[in-house]
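Asks: Starting off with a structure, shown below.
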Amino acid sequence: MTDIPLNDLGRGVEEHATEIRAAIEGVLTSGWYVHGARHGEFESALATFVGTRHAIGVASGTDALVLALRACAASGVVVTAANAGGYTSVAAHRAGLVPVYADVDPDTHLLDHDAVESVLDARDDVTAVVITHLYGRMADVEDLVSRCRPRGVRVVEDCAQSIGAVRRGRGAGAIGDLGTFSFYPTKNLGALGDGGAVTTDDDELAAKVTRLRQYGWSSKYVVTDMGGINSRLDELQAAILAVRLPHVRAWNTRRRDIIAAYAAAADDRLRVLPATGQEHTGHLAVAESADRDAMLDRLRGAGIGVDVHYPVPDHLQLAWTTDVSLPVTERLAGRVLSLPCFPQLTDAEVQRVCDVIAAPS
Ligand SMILES: *Cc1c(COP(=O)(O)O)cnc(C)c1O
């Protein structure tokens, strides 16, 4: 039997190969390769999709975080979780901010809002909180905003894993001061290369991000803002993303169905994190196991593609080691594993994963 991959990007391209080829051909013949008509159209479509006044294309999800932070927090501390892959820490350091970590909720794996509030109570140099909708599960951003806004602390939503999530009628990336998106190929909306975006309802923040993504220019060759970079979303990628955007909700539904099948099948040595309802995009099928490394070996032995998101919490990374202790984050890092999850998995493949996790040894 052939192995079942954790992800297979080729199948995703095949699904809309004709439209993608036509989009690429359209760019080739247009004569515009950066910030042309398709880029503008994609920005508008994304803003409508997310439910914000503005969406600004940038070169990656990490750049989106850097630019969002630079736009809303000139200095100080950014509070965030340490279990979300390190991207916010990379961005905070690049933006000249100091990341301070709060622990996560043991059930949802999302930032614990009470823990955030303790940090806000303990120090007066916090300028922003970054909340990651981890694995696709949309956090209660309204609650976080209600705790942060009275203190003048900005909230940035990292939506790299949560495009299309909706909670109480509001989209991920439309509730905090700014939302950031990645179109890295494995994301729920993937480019065929790198890409990202920043969303916001705030006209001034939008204008600032727009200046910062292109050298700090307010108009051509006129630099008004410090901290500008070159972070443009390519015209080719924008054209491809515009083809794929209308399919994101259906793909998210398929991902949730796959995770629901795993949750129903798994024996009690694996706890598959639930991914139900519009507030989850099913980005990753994550399970907890008390004997994780042995479980990984068994699954690999049965031909199932697996990975760990994420093995090293930010506060324990060699580059950034800090002496904070985050007991829940540390425990979960030793328990999580990810199962195959992408929309083009066949029913037969899903069933085979189910059979294996129902009786993993
Ligand atoms: C992928 C990802 C990013 C970074 O996006 P890039 O486009 O790879 O720079 C940031 N945050 C989260 C949660 C991600 O999953």
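Asks: Relative contact order of segment 158-200, please, whole-number percent, based on alpha carbon pairs below 8 angstrom and at least 6 residues apart.
Replies: Relative contact order here is 37 percent.
Asks: So what's the net charge close to residue 271: Lys and Arg +1, Asp and Glu -1, counting the other residues with Cβ under 9 Å from its Cβ?
Replies: 0
Asks: Normalised by the number of residues in the chain, what is the relative contact order in percent for Cα pairs under 8 Å and 6+ residues apart?
Replies: Relative CO of the chain lands at 22 percent.
Asks: Near residue 32, within a Cβ-to-Cβ distance under 9 Å, what is the net charge of the other residues, with Lys and Arg +1 and Asp and Glu -1?
Replies: It works out to a net charge of 0.
Asks: Sticking with this structure for a sec: Around residue 73, under 11 Å between beta carbons, what's the net of Lys plus Arg minus Asp minus Glu among the other residues?
Replies: In short, 0.
Asks: While we're here: Taking the Cα atoms of the chain alone, what are Rg (to one decimal) and Dmax (as a whole number) in Å?
Replies: In Å, with Rg to one decimal and Dmax whole: 20.3, 65.
Asks: Which number comes out as Rg/Rh for segment 253-361 once both Rg and the Kirkwood Rh are worked out on C-alpha atoms?
Replies: Looking at segment 253-361, the ratio lands at 1.01.
Asks: Related question: Ratio to report: Rg/Rh of segment 55-199, with Cα atoms as the point set and Rh obtained by the Kirkwood method; give two decimals.
Replies: When Rh is taken as the Kirkwood radius, the ratio is 0.93.
Asks: What residues qualify as long-range amide H neighbours of residue 272, i.e. H under 5 Å apart, gap of 5 or more or another chain, H built at 1.01 Å from N?
Replies: Those lying under 5 Å, H to H, from residue 272 are 288.
Asks: I'd like the per residue volume of the convex hull spanned by the Cα atoms of segment 1-122, given in cubic angstrom.
Replies: With only Cα atoms used, segment 1-122 gives 188 Å³ per residue.
Asks: Antiparallel as a % of all DSSP beta bridges within the chain, to the nearest 5?
Replies: Here the antiparallel bridges make up roughly 60 percent for the chain.
Asks: Given segment 73-114, what whole percent of its Cα pairs are spread farther than 13 Å?
Replies: Looking at segment 73-114, the distances longer than 13 Å represent 52 percent of pairs.
Asks: Can you give me the Rg/Rh ratio for segment 1-53, using Cα atoms for both radii and the Kirkwood formula for Rh?
Replies: So for segment 1-53, dividing Rg by the Kirkwood Rh gives 1.15.
Asks: Could you list 256, 137, 298 in order of exposure, starting from the residue whose Cβ has the fewest other Cβ atoms within 10 Å?
Replies: Neighbour counts put them in this order, fewest first: 298, 256, 137.
Asks: Hey, if you drop one equal point scatterer on each alpha-carbon of segment 156-259 and run the Debye formula without solvent, what base-10 log of I(q)/I(0) do you get at q = 0.19, 0.22, 0.24 Å⁻¹?
Replies: With one equal scatterer per Cα and no solvent, log10 I(q)/I(0) is -1.03, -1.23, -1.32.
Asks: What does segment 30-79 give for Rg and for Dmax, in Å, if only its C-alpha atoms count?
Replies: In order Rg, Dmax, the Cα atoms of segment 30-79 give 13.7, 45 Å.
Asks: Let me ask you something else. For a protection proxy built on the mean count of beta-carbon atoms within 10 angstrom, sort 172-183, 108-119, 229-240, 206-217 highest first, please.
Replies: 172-183, 229-240, 206-217, 108-119
Asks: Between the alpha-carbon centers of segment 68-100 and segment 184-222, tell me the distance in whole angstrom.
Replies: Answer, in whole Å: 17.
Asks: Hey, how much of the P(r) for segment 291-354 falls beyond 14 Å, as a percent of Cα pairs?
Replies: Taking all Cα-Cα pairs of segment 291-354, the fraction more than 14 Å apart is 65 percent.
Asks: Could you order peptides 307-317, 342-352 by the average number of other Cβ atoms within 10 Å of their residues, highest first?
Replies: Sorting 307-317, 342-352 by mean packing, highest first, produces 307-317, 342-352.
Laboratory data are not the source of any read-out in this text; all were calculated from the coordinates shown. Nothing here was measured: the structure is a model prediction, and the numbers come from that model. Please note: Cβ atoms are built from the backbone with ideal geometry, for glycine as well, and neighbour counts cover all protein chains shown.
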